[in-house]
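> Would you mind keeping the following structure in view while I ask a few things?
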Amino acid sequence: MEVSCLDSRADPYAVLGLQRLECIAFRNVSGRISPVLRDIAALDTFFHLNQIVILHHNNCGATHFTLDVQMDDIRAKCPDASEEELETVARLSPVRPDDDTALRADLKTLSECSFLRKDLLANVMGLYLDVKTGLVREVRL
Ligand SMILES: [Zn+2]
């Protein structure tokens with residue numbers, strides 16, 4: 001299974017040359033792993049997954065603003081949001097620098113996940129796509 005940004009330039013099927021039935025892809029803003037960990041656990045129960053691939057890319061929309069900008073925007077638009085809800089939003093924010101720092105953090109998050117099988121966690125791959133050149137490189141912890 002694969003986790004990637006929902007940006008059309010980071011379509012995992014096109015970037016990795018996969019057929020639709022070869023891989024289950026979770027796509028979210030920035031391709032972060034934390035929002036989909038529970039879904040991965042559920043999928044592993046249904047299908048017994050054999051690999052997790054995380055694909056991040058440069059020039060991501062999530063690199064074009066800061067966490068402060070995001071939180072100020074939410075507070076302005078949703079003044080009734082509780083501090084607890086805002087803390088959750090901030091903790092799971094897709095905002096990240098325009099490099100592979102967040103990908104390394106996601107690989108670390110996966111390596112420390114207590115509710116996914118160790119043999120599945122031993123088969124994780126981090127990939128970083130340069131959207132300008134189309135080149136993909138592997139990133140390790
Ligand atoms: Zn993106």
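Since every read-out is calculated from the coordinates, none of them should be taken as a lab result. None of the values given here were measured: they were computed from a predicted structure. As a convention, Cβ positions derive from the backbone with ideal geometry for all residues, glycine included, and neighbour counts pool all protein chains shown.
> If the requirement is being out of contact with any helix residue (DSSP H, G or I) (no Cβ under 8 Å at 6 or more places or on another chain) and within 16 Å of the ligand (Cβ to nearest atom), which of these qualifies: LEU16, LEU6?
LEU16
> Condition test on ALA42, is it among the small types (Gly, Ala, Ser), within 16 Å of the ligand (Cβ to nearest atom) and farther than 14 Å from LEU127 by Cβ? Please lay out each step first, then the result.
Details: among the small types (Gly, Ala, Ser): yes; within 16 Å of the ligand (Cβ to nearest atom): no; farther than 14 Å from LEU127 by Cβ: yes.
Answer is no for this residue.
> Please go through segment 122-133 and pick out each residue that is touching a residue at least 12 places away in the same chain (Cβ under 8 Å), of a type outside the set (Asp, Glu) and surrounded by fewer than 17 Cβ atoms within 10 Å (Cβ to Cβ).
Those that are touching a residue at least 12 places away in the same chain (Cβ under 8 Å), of a type outside the set (Asp, Glu) and surrounded by fewer than 17 Cβ atoms within 10 Å (Cβ to Cβ): ASN123, MET125, VAL131, LYS132.
> Name every residue in segment 20-61 that is in a helix (DSSP H, G or I) and of a type outside the set (Gly, Ala, Ser), in order of residue number.
The answer is VAL29, PRO35, VAL36, LEU37, ARG38, ASP39, ILE40, LEU43, ASP44, THR45, PHE46, PHE47.
> Looking at HIS64, HIS57, can you tell me which residue is crowded, with 18+ Cβ neighbours inside 10 Å and either within 11 Å of the ligand (Cβ to nearest atom) or free of Cβ contacts under 8 Å to residues at least 40 places away in the same chain (or both)?
HIS57
> Which one is surrounded by the fewest Cβ atoms within 10 Å (Cβ to Cβ), of the residues in segment 74-96 that are under 29 Å from ASP130 (Cβ atoms) and away from the ligand (no atom under 16 Å from the Cβ)? Write out each step before concluding.
So the first thing to find is which residues in segment 74-96 are under 29 Å from ASP130 (Cβ atoms), and the list is 90-96.
Filter again for away from the ligand (no atom under 16 Å from the Cβ), leaving 90-91.
Working: ALA90: 14, ARG91: 8.
Per the stated criteria, the residue is ARG91.
> Every residue in segment 27-67 that is under 18 Å from ASP100 (Cα atoms) and of a type in the set (Gly, Ala, Ser), please.
SER30, GLY31, SER34, GLY61, ALA62
> So, of the residues in segment 82-115 that are without any contact (Cβ under 8 Å) to a residue 12 or more places away in the chain and not in a helix (DSSP H, G or I), which turns out to be farthest from ARG38 (Cα to Cα)?
By that ranking, first place goes to SER82.
> On to the next question. Within segment 19-39, which residues are closer than 15 Å to LEU92 by Cα, within 16 Å of the ligand (Cβ to nearest atom) and of a type outside the set (Ser, Thr, Tyr)?
ARG27, ASN28, VAL29, GLY31, ARG32, ILE33, PRO35, VAL36
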